[in-house]
Amino acid sequence: MKVGLGIVLVPTIIRGRNDHQIGDIIRYAADHISVIRGVNFQPIAFTGAASEDDIKRERITVPDISAAVEEQTGGVVRKSDFYPIPCVLPISELVEAYGGKPQIRFTAHQHCGAATYVFVTDDGLVPINRMIDVDKFFESVEAMSEKLKKGGSLTKYKTLIEGVKALHDSVKQGEQGSAIDFWKLLGKALLLQNFDALREFHWNALFIGTMHFMDRYNYDICRVQRCCIHYATPDGTLIPFCTYNSGPVYREQVWQRWKKSAE
């Protein structure tokens, strides 16, 4: 906390081994919110030696994880609170349309994983979905982006005024009564492009996510083509994470090519 560094817990979840501890892991993270920024559950990927019986017994999926979160938090964090990773794309497009500078787009395949944010309060965990209508929020952001892309200073400022109202309405329609702090952070980040506000958001919210890396039993070319996590080889080649470790398994080829003798 003193040096401004946070920790993300990344537990591998195996059915029948530790899947009963998912709720406890979230509660542990919440109890240490001053240093833990999030929990990213990773369902086991069978990239090593495993029998068919092991796979049938221990395989667990992203929907299984989100269902376990709901069950083991007593419904405080629901399965329906989770959104696929690329849902944040409209925010990048809005910032780019407003500021005129290219932004990073996280367009991973929707089956790669899902996530949500919760706020740790004196009354317990409050998912962001209770503070805002998430679907309406993204609809408002997309509408702002489309209008801003048309250009013109008058259009820009009119769009901002209309967009602020629409975003404010999405906050008001949330299940939780008070969302003033969230609205302030949102306004700073999106409208003033004050990205310190995003840092402030991450320090006050707990990320809960799950990402399922592939193995040869669930390998999907469409997912590989949209991968946003890569290994870089010494010659600058980028290899999708799941392709490096499973499927064609490029790991051994890369090691063989770039290995050096001990001399």
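The values are calculated or read from the model by the stated rules, or taken from the named source; none is laboratory data. Since we're looking at a predicted model, the values are computed, not measured. We place every Cβ from the backbone using ideal geometry, glycine too, and count neighbours over all the protein chains shown.
Is region 184-205 home to any residue that is in a strand (DSSP E or B), over 26 Å from ALA49 (Cα atoms), modelled with pLDDT of 90 or more and of a type outside the set (Asp, Glu)? So far as region 184-205 goes, no, none of its residues is in a strand (DSSP E or B), over 26 Å from ALA49 (Cα atoms), modelled with pLDDT of 90 or more and of a type outside the set (Asp, Glu).
The residue pairs whose first member lies in region 76-92 and is in contact (Cβ under 8 Å) with a residue 12 or more places away in the chain and under 12 Å from ASN129 (Cβ atoms), whose second member is surrounded by fewer than 17 Cβ atoms within 10 Å (Cβ to Cβ) and small (Gly, Ala, Ser), and whose beta carbons are closer than 9 Å, counting only pairs six or more residues apart or on different chains, are VAL76/GLY124; LYS79/ALA67.
TYR231 - would you say it is surrounded by 15 or more Cβ atoms within 10 Å (Cβ to Cβ), aromatic (Phe, Trp, Tyr) and in a helix (DSSP H, G or I)? No; evaluated as a whole, the condition is false for this residue.
Looking only at region 240-256, how many residues end up being assigned to a helix (DSSP H, G or I) and surrounded by 11 or more Cβ atoms within 10 Å (Cβ to Cβ)?
Of the residues in region 240-256, the ones assigned to a helix (DSSP H, G or I) are 241-245, 251-256.
Among the residues that remain, those that are also surrounded by 11 or more Cβ atoms within 10 Å (Cβ to Cβ) are: 241-245, 251, 253-254.
Selection size over region 240-256: 8.
May I ask you to verify whether VAL62 is under 22 Å from GLY247 (Cβ atoms) and either touching a Pro at 6+ places or on another chain (Cβ under 9 Å) or buried (at least 16 other Cβ atoms within 10 Å of the Cβ) (or both)? Please lay out each step first, then the result.
On the way: under 22 Å from GLY247 (Cβ atoms): yes; either touching a Pro at 6+ places or on another chain (Cβ under 9 Å) or buried (at least 16 other Cβ atoms within 10 Å of the Cβ) (or both): yes.
Criteria met by VAL62.
Taking the criterion of being in contact with a helix residue (DSSP H, G or I) (Cβ under 8 Å, 6 or more places away or on another chain) and not charged (D, E, K, R), the residues of region 8-38 that qualify are LEU9, PRO11, ILE13, ILE14, GLY16, HIS20, ILE22, GLY23, ILE26, ILE36, GLY38.
Could you tell me which residue of region 45-69 is nearest to the chain's Cα centre (by Cα), considering only residues that are in a loop (DSSP other than H, G, I, E, B) and at pLDDT below 95? So that I can check it myself, show each step before the final result.
To start, the set of residues in region 45-69 that are in a loop (DSSP other than H, G, I, E, B) comprises 45-51, 59-61.
From what is left, the residues that are at pLDDT below 95 are 45-51.
Details: ALA45: 19, PHE46: 23, THR47: 24, GLY48: 27, ALA49: 30, ALA50: 29, SER51: 32 Å.
Looking at the filtered set, the residue picked out is ALA45.
Tally the residues that are crowded, with 18+ Cβ neighbours inside 10 Å and outside any loop (DSSP other than H, G, I, E, B), restricting the search to region 71-82. Total meeting the criteria: 2.
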